[in-house]
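Participant: Dumping the structure here so I can ask a few things about it.
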Amino acid sequence: MHSLNELKVAVVGLGYVGLPLAVEFSKHRPVVGFDINNARISALREGRDVTLEISDEELAAATGMKFTSDIAEMKACNVYIATVPTPIDDYKRPDLRPLIGASETIGSVLKKNDMVIYESTVYPGATEEECVPVLERMSGLKFNVDFFVGYSPERINPGDKTHRVTDIKKVTSGSTPEIAELVDQLYSQIIVAGTHKASSIRVAEAAKVIENTQRDVNIALINELSIIFNKMGIDTESVLQAAGTKWNFLPFRPGLVGGHCIGVDPYYLTHKAQAIGYHPEIILAGRRLNDSMGGYVAAQLVKAMTKRQIGVSGARVLIMGLTFKENCPDLRNTRVVDIVAELREYGVEVDVYDPWVSKEEARQEYNLDPIEHPAKGIYDATILAVAHSRFLELGADAIRVFGKAQHVLYDLKYLLPAGASDLRL
């Protein structure tokens, strides 16, 4: 077991989670940043972060960082932090392939007394049941004898320049009491907000996976209320503002639930629950409702167009926003694509406009070709799907210019003042 001052860190996976973490650690000790994406490494070496989480100035100042896609360059390290995605597959099952791949990579360079820390969201037990056997197989070493493991779940909020990695309290854990203390000390060097040392790795895994499960269920409740209030002709936002005057009313809003966390993490917990013989009712009901919102939005728009005698088949609709959340380029698991698919089923021609997104990534991930800028006066309807500040700055009048004289403006995100749009969620 190494002392704190002896720790040499390698961060495996330089995405939204890994890069900010690596940059912060590099302020205190030399860090090797590893990623299998050669284009990503090249861009970082040139001082560019395409995720926009780290500025060019911050990258230039990270002199303690070494970016590489060469596994051999991690051999001098003794702490390996895995920050790779944990998505779901087409059947809503956990896809651990990136995590297993990272474990194989780390296991190939693992040495006696080294430590591996996982940050990826998983179900309780996954670190020790799925990852540790891979580390043992690849290295030939024995867990908790020759090498040790920690778990400290990521809490990155993409696009948020206020709550950054150092400003969010960090949960830590380790495979032995001594390792738990060392992991906690390591993160305490960079986390200004402080740390919380969990009693075990499984507790830390469970704590992470329920964070977004709780948010998912709460949003599902508000989505269901929105559907009910729409049927009653009551404005949902007005109801929520009124209810929000009580101090303990939670400020959730209806909407699409995508991204790499809220729309994914609950399936990790339900997968494990079903594996141990329990069928979760509330969590899966919330998931079903939230996953259905794209279809509901499309149906609401079609009804509004029909009431205005706007022909639906062959109509042109502009969707403003494609990312899963505002003011960031992150397209992972965006549910805006559900609206696109549903409208196309109605025979609608859909244009997607989002100044934040990479066209190449949109094509690769969703076979979508976002437009450069909307033309004026050609759309039968416009959907404000993402609350980008650029859209807010445009205002309702400028957005309506894209529509025909007779059109529908649907504000999913309450971005515009009440009465400025024709339809709200």
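The values are calculated or read from the model by the stated rules, or taken from the named source; none is laboratory data. These figures come from a predicted structure and were not determined experimentally. With ideal geometry, Cβ positions are generated from the backbone for all residues, glycine too; neighbour counts draw on all protein chains shown.
Participant: Go through segment 51-68 and give me each residue that's modelled with pLDDT of 90 or more and in contact with a Ser or Thr (Cβ under 7 Å, 6 or more places away or on another chain).
Facilitator: Result: Met65, single match.
Participant: Continuing with the same structure: Report whether or not Glu53 is in the same structural domain as Val165 (by TED's automatic domain parsing), buried (at least 22 other Cβ atoms within 10 Å of the Cβ) and of a type in the set (Asp, Glu).
Facilitator: Working: in the same structural domain as Val165 (by TED's automatic domain parsing): yes; buried (at least 22 other Cβ atoms within 10 Å of the Cβ): yes; of a type in the set (Asp, Glu): yes.
Taking the combined requirement at face value, the residue satisfies it.
Participant: Here's a follow-up. So how many residues does segment 142-199 have that are polar (S, T, N, Q) and more than 20 Å from Glu128 (Cα to Cα)? Outline the logic, then answer.
Facilitator: Kept after step one, since they are polar (S, T, N, Q), are these residues of segment 142-199: 144, 152, 157, 162, 166, 172-173, 175-176, 185, 188-189, 195, 199.
With more than 20 Å from Glu128 (Cα to Cα) added as a condition, the list becomes 157, 162, 166, 185, 188-189, 195.
Of the residues in that region, 7 qualify.
Participant: Shifting gears a bit: Considering only residues of segment 125-149 that are in a helix (DSSP H, G or I) and of a type in the set (Gly, Ala, Ser), which is nearest to Lys272 (Cα to Cα)? Lay out the reasoning, then the answer.
Facilitator: In the first step, residues of segment 125-149 are kept if they are in a helix (DSSP H, G or I); the result is 126-139.
Right, trim to of a type in the set (Gly, Ala, Ser) and you get 126, 139.
Working: Ala126: 9, Ser139: 28 Å.
Per the criteria, the residue is Ala126.
Participant: Also: In segment 316-425, which helices (runs of 4 or more DSSP H) lie fully inside it and hold 1 or more residues that are over 21 Å from Gly295 (Cα atoms) and modelled with pLDDT under 95?
Facilitator: Details: elements: 336-345, 359-366, 389-400.
Hits in segment 316-425: 359-366, 389-400.
Participant: Quick check on segment 351-361. Is at least one of its residues touching a residue at least 12 places away in the same chain (Cβ under 8 Å), over 22 Å from Leu394 (Cα atoms) and over 16 Å from the mean Cα position of the chain (by Cα)?
Facilitator: Keep residues of segment 351-361 that are touching a residue at least 12 places away in the same chain (Cβ under 8 Å), which gives 351-358, 361.
Cutting the leftovers down to over 22 Å from Leu394 (Cα atoms) gives us 361.
Those left that are additionally over 16 Å from the mean Cα position of the chain (by Cα): none.
No - not one qualifying residue is present in segment 351-361.
Participant: Tell me whether segment 363-372 contains one or more residues that are under 28 Å from Lys231 (Cβ atoms) and either in the same structural domain as Asp422 (by TED's automatic domain parsing) or touching a residue at least 12 places away in the same chain (Cβ under 8 Å) (or both).
Facilitator: Let us first name the residues in segment 363-372 that are under 28 Å from Lys231 (Cβ atoms), namely none.
Checked against the condition, which is being under 28 Å from Lys231 (Cβ atoms) and either in the same structural domain as Asp422 (by TED's automatic domain parsing) or touching a residue at least 12 places away in the same chain (Cβ under 8 Å) (or both), segment 363-372 yields no hits at all.
Participant: I've got another one for you. May I ask you to list the residues in segment 318-359 that are among the aromatic types (Phe, Trp, Tyr), farther than 20 Å from Phe402 by Cα and crowded, with 19+ Cβ neighbours inside 10 Å?
Facilitator: Phe324
Participant: Now for a separate question. What number goes with the only condition from (1) basic (Lys, Arg); (2) within 30 Å of Thr162 (Cα to Cα); (3) surrounded by fewer than 14 Cβ atoms within 10 Å (Cβ to Cβ) that Lys307 does not pass?
Facilitator: For Lys307, the exception is condition (2).
Participant: Additional query: Of the residues Leu186, Leu182, only one is modelled with pLDDT of 95 or more, in the same structural domain as Ala126 (by TED's automatic domain parsing), touching a Gly at 6+ places or on another chain (Cβ under 8 Å) and over 18 Å from Tyr414 (Cα atoms); which? I'd like the intermediate steps shown before the answer.
Facilitator: Values: Leu186 fails: touching a Gly at 6+ places or on another chain (Cβ under 8 Å).
One residue alone meets the criteria, Leu182.
Participant: Further question on the same structure: Hey, among Lys92, Lys112, which residue is of a type outside the set (Asp, Glu), at pLDDT 95 or above and surrounded by fewer than 21 Cβ atoms within 10 Å (Cβ to Cβ)? Outline the logic, then answer.
Facilitator: Working: Lys92 fails: at pLDDT 95 or above.
Only one candidate passes the filter, namely Lys112.
Participant: Given the options Leu301, Leu269, Leu256, name the one that is outside the structural domain of Arg335 (by TED's automatic domain parsing), closer than 23 Å to Arg344 by Cβ and in contact (Cβ under 8 Å) with a residue 60 or more places away in the chain. Outline the logic, then answer.
Facilitator: Details: Leu301 fails: outside the structural domain of Arg335 (by TED's automatic domain parsing); Leu269 fails: closer than 23 Å to Arg344 by Cβ.
Being outside the structural domain of Arg335 (by TED's automatic domain parsing), closer than 23 Å to Arg344 by Cβ and in contact (Cβ under 8 Å) with a residue 60 or more places away in the chain holds for just one of Leu301, Leu269, Leu256, which is Leu256.
Participant: Do any helices (runs of 4 or more DSSP H) entirely within segment 201-284 hold 1 or more residues that are touching a Lys or Arg at 6+ places or on another chain (Cβ under 6 Å) and closer than 29 Å to Ile117 by Cβ, and if so, which?
Facilitator: Values: elements: 201-232, 236-243, 265-275.
Answer list for segment 201-284: 265-275.
Participant: So, one more: Across segment 56-89, which residue is surrounded by the fewest Cβ atoms within 10 Å (Cβ to Cβ) among those that are under 14 Å from Val122 (Cα atoms) and of a type in the set (S, T, N, Q)?
Facilitator: Per the criteria, the residue is Thr86.
Participant: Is it fair to say Glu73 is closer than 21 Å to Thr166 by Cβ and either more than 26 Å from the chain's Cα centre (by Cα) or modelled with pLDDT under 95 (or both)? Talk me through it step by step, then tell me what you get.
Facilitator: Values: closer than 21 Å to Thr166 by Cβ: no; either more than 26 Å from the chain's Cα centre (by Cα) or modelled with pLDDT under 95 (or both): yes.
Judged against the criteria, Glu73 is not a match.
Participant: Sort out which residues of segment 174-213 are polar (S, T, N, Q) and either out of contact with any Phe, Trp or Tyr (no Cβ under 6 Å at 6 or more places or on another chain) or farther than 14 Å from Asn144 by Cα (or both), and write them in order of number. Break it down stepwise before answering.
Facilitator: In the first step, residues of segment 174-213 are kept if they are polar (S, T, N, Q); the result is 175-176, 185, 188-189, 195, 199-200, 212-213.
Correct list: Thr176, Gln185, Ser188, Gln189, Thr195, Ser199, Ser200, Asn212, Thr213.
Participant: Output the number of residues of segment 338-367 satisfying the condition of being of a type in the set (Val, Ile, Thr) and either within 19 Å of Val17 (Cβ to Cβ) or out of contact with any strand residue (DSSP E or B) (no Cβ under 9 Å at 6 or more places or on another chain) (or both). Show your work before the answer.
Facilitator: Looking only at segment 338-367, we keep the residues that are of a type in the set (Val, Ile, Thr), and these are 339-340, 348, 350, 352, 357.
Still in the running and either within 19 Å of Val17 (Cβ to Cβ) or out of contact with any strand residue (DSSP E or B) (no Cβ under 9 Å at 6 or more places or on another chain) (or both): 357.
The number of residues fulfilling the criteria is 1.
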